[in-house]
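Chemist: Handing you a structure now.
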Amino acid sequence: MFQHSVMRFPAATLPRFIGLACSVVLFLSGEASAVPFDPNISISATVDLDGLSSSAPAGSTQTGTFSQVIGGSLTTSTVDSGLNLTGTLPLGGALTDINDSVGISFTGTGNSAGGSGSSDFFGNYGVTLSNASATDTFQITLGLQFTNQVDANGDDVGIEGDIFLNDGVTEIFFSDLISDTFFGDSAGGSNDGTTVDTPFGPLGTFGASLSDSGTVLLDFLLSPGAIINLTGENNMFLALFDGTYSATVESRLFVSSVVNQTTPPAVPEPATFWLIGAGLMGLRATRRSIKAD
């Protein structure tokens with residue numbers, strides 16, 4: 001069972017997408033404080049570079065940074081314009097604490113004066129939520145923090161940023177922006193499969209600076225023994241032929257809260273304890289009186 005709430009920054013000019021509202025540092029800000037959650041809940045998450053990714057064209061520089069925070073400890077790996085890896089991939093594993101996370105960040109800049117061509121940068125998410133309890137139901141809240149910013153300039157440049165998350169049936173979240181000086185700009189975003197903020201479609205502009213950023217809170221209700229699998233992507237697509245571009249496409253999934261929804265057994269109130277104590281004291285006094293007689 002899935003519910004959501006959302007916090008997003010408003011757009012500055014065109015509805016929701018034009019103009020950067022603020023700069024968000026997603027996962028390179030250091031280690032988080034470790035607060036373990038209920039051991040009945042298992043949350044595993046991974047991030048990886050998809051094998052379909054391609055090197056940047058000669059006139060472009062692109063960087064991919066992958067992160068994991070497990071037990072409050074941060075680890076990162078990077079991929080450069082030629083898809084050379086520093087560190088290890090995939091990253092991730094068993095998330096054990098509140099604020100543990102996995103993340104992907106793609107950045108790119110380019111100028112066709114140095115070379116032209118196209119490239120694809122694909123980043124993959126995988127998340128599994130499971131409840132080992134035989135009796136208790138839990139609500140797990142995951143946070144999705146994201147920044148999607150694209151900007152194309154010139155006669156023939158297109159750059160797209162695409163972030164999405166689904167549960168195999170429903171597209172829970174997506175943010176898709178295209179800045180294109182030749183074919184025109186498009187944008188769209190939703191919070192889940194039925195509540196659409198802005199259906200994807202053309203904006204009527206060419207080569208605008210587009211931005212979408214914020215934090216989405218995703219609630220999942222796990223009954224005893226339940227398992228939920230999530231998949232997602234963080235992608236950047238480039239067509240650089242005549243002009244310049246810049247892009248930042250980044251997202252981070254983190255554990256916001258784990259709450260036991262099962263009502264615990266009632267605990268006697270202090271007044272009840274006082275009455276029980278008074279009764280025992282009275283019984284003891286009665287027994288003493290009988291012995292004295």
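The values are calculated or read from the model by the stated rules, or taken from the named source; none is laboratory data. None of the values given here were measured: they were computed from a predicted structure. Here Cβ is always computed from backbone atoms with ideal geometry, including for glycine, and neighbour counts include all displayed protein chains. Keep in mind that these areas ignore ligands, DNA and RNA; they rest on the heavy atoms of the full protein, side chains included. Shrake-Rupley method; radii C 1.70, N 1.55, O 1.52, S 1.80 Å.
Chemist: I'm trying to understand the selection: among the residues of the range 66-78, which are without any contact (Cβ under 8 Å) to a residue 60 or more places away in the chain and either more than 24 Å from Thr128 (Cβ to Cβ) or buried (at least 18 other Cβ atoms within 10 Å of the Cβ) (or both)? Show your work before the answer.
Modeler: First pass over the range 66-78, keeping only residues without any contact (Cβ under 8 Å) to a residue 60 or more places away in the chain: 66, 68, 70-78.
Phe66, Gln68, Ile70, Ser77, Thr78 - these are the residues of the range 66-78 that are without any contact (Cβ under 8 Å) to a residue 60 or more places away in the chain and either more than 24 Å from Thr128 (Cβ to Cβ) or buried (at least 18 other Cβ atoms within 10 Å of the Cβ) (or both).
Chemist: Is it true that Val150 is at pLDDT below 95 and either open to solvent by less than 10 Å² (accessible area, probe 1.4 Å) or out of contact with any strand residue (DSSP E or B) (no Cβ under 6 Å at 6 or more places or on another chain) (or both)? Spell out the reasoning first.
Modeler: Working: at pLDDT below 95: no; either open to solvent by less than 10 Å² (accessible area, probe 1.4 Å) or out of contact with any strand residue (DSSP E or B) (no Cβ under 6 Å at 6 or more places or on another chain) (or both): yes.
Taking the combined requirement at face value, the residue does not satisfy it.
Chemist: List pairs: first residue in the range 34-60 and within 19 Å of Val249 (Cβ to Cβ) and open to solvent by 60 Å² or more (accessible area, probe 1.4 Å), second residue of a type in the set (Phe, Trp, Tyr) and part of a strand (DSSP E or B) anywhere in the structure, Cβ distance under 7 angstrom, at least six positions apart or on different chains.
Modeler: Listed pairs, sorted by first residue: Leu52/Phe122.
Chemist: Regarding Gly123, is this residue among the small types (Gly, Ala, Ser) and more than 30 Å from Leu222 (Cα to Cα)? First the steps, then the outcome.
Modeler: Values: among the small types (Gly, Ala, Ser): yes; more than 30 Å from Leu222 (Cα to Cα): no.
Judged against the criteria, Gly123 is not a match.
Chemist: Specify the residue that is nearest to the chain's Cα centre (by Cα); the eligible residues are those in the range 79-103 that are loosely packed, with under 15 Cβ neighbours inside 10 Å and under 30 Å from Gly154 (Cβ atoms).
Modeler: Asp80
Chemist: List every residue pair whose Cβ atoms sit under 7 Å apart, with the two residues 6 or more apart in sequence or on different chains, where the first one lies in the range 96-115 and is modelled with pLDDT under 95 and acidic (Asp, Glu) and the second, anywhere, is part of a strand (DSSP E or B) and surrounded by 18 or more Cβ atoms within 10 Å (Cβ to Cβ).
Modeler: Partner pairs satisfying both residue conditions: none exist.
Chemist: Out of the range 159-173, which residues are open to solvent by 20 Å² or more (accessible area, probe 1.4 Å) and farther than 20 Å from Leu129 by Cα? Walk me through it before giving the result.
Modeler: Looking only at the range 159-173, we keep the residues that are open to solvent by 20 Å² or more (accessible area, probe 1.4 Å), and these are 160, 162, 164, 166-171.
Within the range 159-173, Glu160, Asp162 meet the criteria.
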